[in-house]
Amino acid sequence: MKKHLHTAILFFIATFLSVAPVLSQQTIVNLPSSEILPLGNIILKESTRFRPFSPDGYTSITPSIIMGIGHNIDLSLGAGATIDSDFRTKVKGDIGLKKVFFLGNSTRLTVGGSVSPSFMNTVTPDTFAYAHVTQKIKQSRTSITAGAYMSGKEHFFNTGGVVFGIDQVLIPNKLRLVFDWMSGEQNYGRMGVGLKYRPVPTLSITSAVIIPNKNSENISFNMSVSKYISIDDINSILRRSNDEKNSL
């Protein structure tokens with residue numbers, strides 16, 4: 001029993017601390033979620049993905065900001081740097097927009113997309129668009145998402161597939177088990193399984209294993225940290241700044 005417990009603890013720590021393209025939007029794991037920000041509120045997010053068990057391994061770091069701009073629309077802006085095993089670096093932006101339609105108390109329709117222009121080369125930006133429906137089951141505290149997507153790697157939309165996701169509350173307001181899958185063997189074709197932990201109401205940490213659909217590719221690990229800032233927090237910061245200026 002002690003041996004199995006020790007192994008489980010080591011696996012959890014290794015997964016949680018392990019940190020490849022990453023969307024700057026709010027996501028289940030890989031798939032943009034149906035969560036939406038109130039007008040004026042923001043999320044500061046940092047996502048890191050690491051593929052250690054492969055000759056073509058890489059590390060990708062993507063800081064971003066997500067803003068609620070009203071009418072149930074989020075705007076996200078990010079910039080990701082990917083460093084391969086030969087220490088070559090690629091830098092791409094990520095500009096995303098998401099709109100959520102509330103179809104009753106428990107059902108949401110989400111549509112959105114993003115473009116990721118390269119900062120290093122003159123190439124067509126990566127493109128991504130999606131639409132999905134999320135059904136929340138209050139009795140079990142489960143959210144189920146299903147829909148479709150289109151994408152293009154340095155190309156306008158030229159491939160696509162279906163998406164599926166589950167978000168299961170384990171401990172209310174603290175811990176959730178998350179899973180999503182996107183079909184296909186191209187850039188977005190992968191499965192993600194992980195945990196979302198909220199140590200305090202305004203901070204969320206997601207740790208996940210990413211398993212590509214393509215058999216020739218190896219698994220990677222992802223960690224993201226998101227800090228929520230409300231409009232009240234912003235106003236408080238501005239007031240303190242003004243008070244400090246007036247006191248000089």
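Per-structure values
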read-out	value
The listed residue being out of contact with any strand residue (DSSP E or B) (no Cβ under 7 Å at 6 or more places or on another chain), more than 22 Å from residue 165 (Cβ to Cβ), open to solvent by 70 Å² or more (accessible area, probe 1.4 Å) and at pLDDT below 90, out of 217, 244	244
Test result for residue 177, open to solvent by less than 70 Å² (accessible area, probe 1.4 Å) and under 29 Å from residue 103 (Cα atoms)	no
Test: residue in the range 203-213 that is open to solvent by less than 50 Å² (accessible area, probe 1.4 Å) and in contact with a helix residue (DSSP H, G or I) (Cβ under 6 Å, 6 or more places away or on another chain)	yes
Residue ranges of strands (runs of 3 or more DSSP E) in the range 140-229 with at least 2 members more than 20 Å from residue 112 (Cβ to Cβ), within 15 Å of the chain's Cα centre (by Cα) and not β-branched (Val, Ile, Thr)	175-182, 190-200, 203-212, 220-229
Residue under evaluation residue 119, criteria (1) touching a Lys or Arg at 6+ places or on another chain (Cβ under 7 Å); (2) within 15 Å of residue 32 (Cα to Cα), criterion not met	(2)
In the range 98-122, the residues that are among the hydroxyl-bearing types (Ser, Thr, Tyr) and not in a strand (DSSP E or B)	106, 122
Complete set of residues in the range 226-241 that are hydroxyl-bearing (Ser, Thr, Tyr) and surrounded by 11 or more Cβ atoms within 10 Å (Cβ to Cβ)	226, 228, 230, 236
Residue in the range 163-171 that is surrounded by 15 or more Cβ atoms within 10 Å (Cβ to Cβ) and farther than 30 Å from residue 92 by Cα present	yes
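The values are calculated or read from the model by the stated rules, or taken from the named source; none is laboratory data. Here the structure is a predicted model, which is why all the values come from computation and not from measurement. We place every Cβ from the backbone using ideal geometry, glycine too, and count neighbours over all the protein chains shown. All accessible areas refer to the heavy atoms of the entire protein, side chains included, with ligands and DNA or RNA removed. Shrake-Rupley method; radii C 1.70, N 1.55, O 1.52, S 1.80 Å.
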